[in-house]
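The values are calculated or read from the model by the stated rules, or taken from the named source; none is laboratory data. In this text the structure is predicted, and so the values were computed from the model without any measurement. Note: ideal-geometry Cβ built from the backbone for every residue, glycine included; neighbour counts use all protein chains shown.
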Amino acid sequence: MNMVQWYFPETVDEAVALLGRERTIPHGGGTNLVKSGIASYSGVVDLARVPLNYLKTDRGILEIGANQTFASAAENLSNLYPGCILASALGSAASTPLRNRITMGGSASLFPLWSDLIGPMAVLEGEICTEGKNAGSFDLSTWLANRAVQKGTLITSLLFPDAFDWISAYYREVRVGFDYPAFTVSVLARKKGSRIERVRVALSGGADRVVRLTDLEEALNGADLSKVSSLDLRKMGTVRFGRKPAGSPEFLSEIAAVQVERCVKSALFREEETR
Amino acid sequence: MKGTFFINGRKEEWSFAPDAVLLDVLRENGRTEVHRGCGEGACGSCAVVLDGTLVNSCQVFAASAQEKEILTVAGLGSIHSPHPLQAAFVETGAVQCGFCTPAMILAAYCLLKKTPNPTDDEIRRALDGNSCRCTGYVKIIEAVRLAARRMSSHD
């Protein structure tokens with residue numbers, strides 16, 4: 001007999017208090033938990049009534065509440081900042097009914113395969129804000145390196161300190177739309193005339209869950225656009241892959257490098273307003 | 001555990017296990033118009049409208065759907081008084097085995113509520129979580145277009 005107890009707190013404080021109990025986990029949209037199962041837990045804290053469903057900007061800082069679904073976040077961002085990389089990524093993840101359930105907080109908890117959040121998080125240098133036992137804000141690499149930090153802790157929002165005024169390109173390697181991406185490429189760029197002010201490139205799905213291509217970024221930052229053709233973007237965009245259903249490590253490494261080159265060129269040579 | 005659900009406008013009190021998914025609870029209580037397909041959120045056959053948004057009921061814990069409005073295809077129309085989408089699916093031949101049809105219609109219903117005159121791209125995108133293995137999608141998209149035209153002309 002399964003004795004899992006469901007709780008329905010209405011405030012962050014109530015939720016945090018409940019999550020302090022042994023073997024108790026938070027429930028956002030449930031897409032992670034349905035797959036992993038909840039039978040081994042003693043409590044599930046449903047966050048639907050906790051007021052964390054928001055998206056707001058203040059002086060260029062974007063904050064998205066943990067309860068905001070991918071569908072809502074993508075729609076809100078598309079309306080406010082068309083072309084923003086988060087809108088592209090969240091709006092293309094999984095499928096319509098799943099995007100209606102996947103929440104920002106749930107996705108940031110595990111960064112599951114079907115979430116397209118991790119690449120944009122890396123290039124936007126987003127932070128994960130928490131309350132509870134380990135209250136604070138965490139950058140992505142700290143967060144990924146220490147899963148234990150989540151114990152007794154509630155993700156309240158994701159913060160993007162520099163989310164706008166970028167030219168962006170996002171690519172997800174899938175055979176059909178709702179496939180889990182074999183890898184994703186996220187690129188942000190800022191230009192002034194023919195000068196590249198700043199480029200950020202991240203690749204997810206390789207041997208490391210997500211990696212910033214710092215050699216490539218350093219080669220491009222501050223360079224003139226005319227220098228791009230002399231750089232071996234593909235070589236600098238090459239990362240190691242493990243074996244996946246989508247292909248061998250060599251194949252994935254090769255096509256990911258091609259997509260890195262394409263996305264970088266697309267961002268740098270596209271004539272459009274920045275978002 | 002016990003919970004209250006509002007199914008097609010009707011209040012229901014059902015018992016269910018704490019880890020039961022909404023799909024199982026609906027079917028165990030006679031709502032067999034909600035179809036069980038892959039059970040992984042990939043095929044979309046089990047889709048229902050939960051508080052106005054399309055969800056895969058196999059990916060939703062029943063406990064989290066308590067006190068919420070749930071619409072199944074049976075709540076849209078009946079054989080004697082079909083919803084324009086249901087009529088359009090029949091008229092355009094968008095139904096073969098019919099297994100995916102209830103969820104397809106609900107996905108289209110959610111689309112048309114929000115976007116009464118969708119483009120073909122918007123239709124494809126709205127149905128991106130629903131798989132059909134019989135007719136292909138040409139007739140289904142045609143049915144959504146037809147229903148959109150009819151529903152708009154009635155506005």
_Looking for something over 30 Å from A:Val228 (Cβ atoms) and free of Cβ contacts under 8 Å to residues at least 24 places away in the same chain - is there at least one such residue anywhere in region A:182-192?_
no
_The conditions are (1) touching a Gly at 6+ places or on another chain (Cβ under 9 Å); (2) touching a residue at least 60 places away in the same chain (Cβ under 8 Å); (3) among the aliphatic types (A, V, I, L, M), and B:Leu23 fails exactly one of them. Which is it?_
(2)
*Identify, please: which residue in region B:81-128 is within 11 Å of the chain's Cα centre (by Cα) and in a loop (DSSP other than H, G, I, E, B) and is, among those, farthest from A:Ala71 (Cα to Cα)?*
B:Cys100
_Whether any residue in region A:35-45 is in contact with a Leu (Cβ under 8 Å, 6 or more places away or on another chain), closer than 15 Å to A:Ala66 by Cβ and not polar (S, T, N, Q) is what I want to check._
yes
*Going through region B:51-78 one residue at a time, which ones are more than 8 Å from chain A (Cβ to nearest Cβ), outside any loop (DSSP other than H, G, I, E, B), out of contact with any Cys (no Cβ under 8 Å at 6 or more places or on another chain) and surrounded by 17 or more Cβ atoms within 10 Å (Cβ to Cβ)?*
B:Ala62, B:Ala65, B:Ile70, B:Leu71, B:Val73, B:Gly75
*Please work out which residue is farthest from B:Leu50 (Cα to Cα), limiting yourself to region A:3-50 and to residues that are assigned to a helix (DSSP H, G or I) and β-branched (Val, Ile, Thr).*
A:Val16
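Rundown of residues vs (1) in a loop (DSSP other than H, G, I, E, B); (2) in contact with a helix residue (DSSP H, G or I) (Cβ under 8 Å, 6 or more places away or on another chain), yes/no style:
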residue: A:Glu197; (1), (2): no, no
residue: A:Arg200; (1), (2): no, yes
residue: A:Leu216; (1), (2): no, yes
residue: A:Ala219; (1), (2): no, yes
residue: A:Ser226; (1), (2): no, no
residue: A:Arg234; (1), (2): no, yes
residue: A:Val239; (1), (2): yes, yes
residue: A:Gly242; (1), (2): yes, yes
residue: A:Leu252; (1), (2): no, no
*asked:* Testing B:Cys100 on (1) at pLDDT 95 or above; (2) surrounded by fewer than 24 Cβ atoms within 10 Å (Cβ to Cβ), one condition comes back false. Which one is that?
replied: (2)
*What number of residues in region B:129-155 are polar (S, T, N, Q), crowded, with 20+ Cβ neighbours inside 10 Å and in a helix (DSSP H, G or I)?*
0
_Between A:Val258, A:Val264, A:Val174, which is more than 22 Å from A:Ser141 (Cα to Cα), free of Cβ contacts under 8 Å to residues at least 24 places away in the same chain and either assigned to a strand (DSSP E or B) or within 22 Å of the chain's Cα centre (by Cα) (or both)?_
A:Val174
_region A:148-164: number of residues that are more than 18 Å from A:Ala202 (Cβ to Cβ) and in contact (Cβ under 8 Å) with a residue 12 or more places away in the chain_ = 9
*When both residues are 6+ apart or on different chains and their Cβ atoms are under 9 Å apart, which pairs have a first residue that lies in region A:60-81 and is assigned to a loop (DSSP other than H, G, I, E, B), and a second that is of a type in the set (Phe, Trp, Tyr)?*
A:Gly60/A:Phe164; A:Asn67/A:Tyr54; A:Gln68/A:Tyr54; A:Tyr81/A:Phe164
*Subset of region A:16-44 (residues that are buried (at least 23 other Cβ atoms within 10 Å of the Cβ), within 17 Å of A:Met104 (Cα to Cα) and more than 10 Å from every other protein chain (Cβ to nearest Cβ))*: A:Pro26
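Residue-wise test of (1) within 28 Å of A:Pro9 (Cα to Cα); (2) over 12 Å from the mean Cα position of the chain (by Cα).
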| residue | (1), (2) |
| --- | --- |
| A:Ala87 | no, no |
| A:Gly106 | yes, no |
| A:Asn134 | yes, yes |
| A:Arg147 | yes, yes |
| A:Ser157 | yes, yes |
| A:Pro161 | no, yes |
*Select from region B:21-45 the residues that are under 27 Å from A:Tyr41 (Cα atoms) and at the interface with chain A (Cβ under 9 Å from one of its Cβ atoms) and list them in ascending order.*
B:Val21, B:Glu40, B:Gly41, B:Ala42
*Those residues that are small (Gly, Ala, Ser) and out of contact with any Cys (no Cβ under 6 Å at 6 or more places or on another chain), I need them from region B:119-155; list them, please.*
B:Ala126, B:Gly129, B:Gly136, B:Ala143, B:Ala147, B:Ala148, B:Ser152, B:Ser153
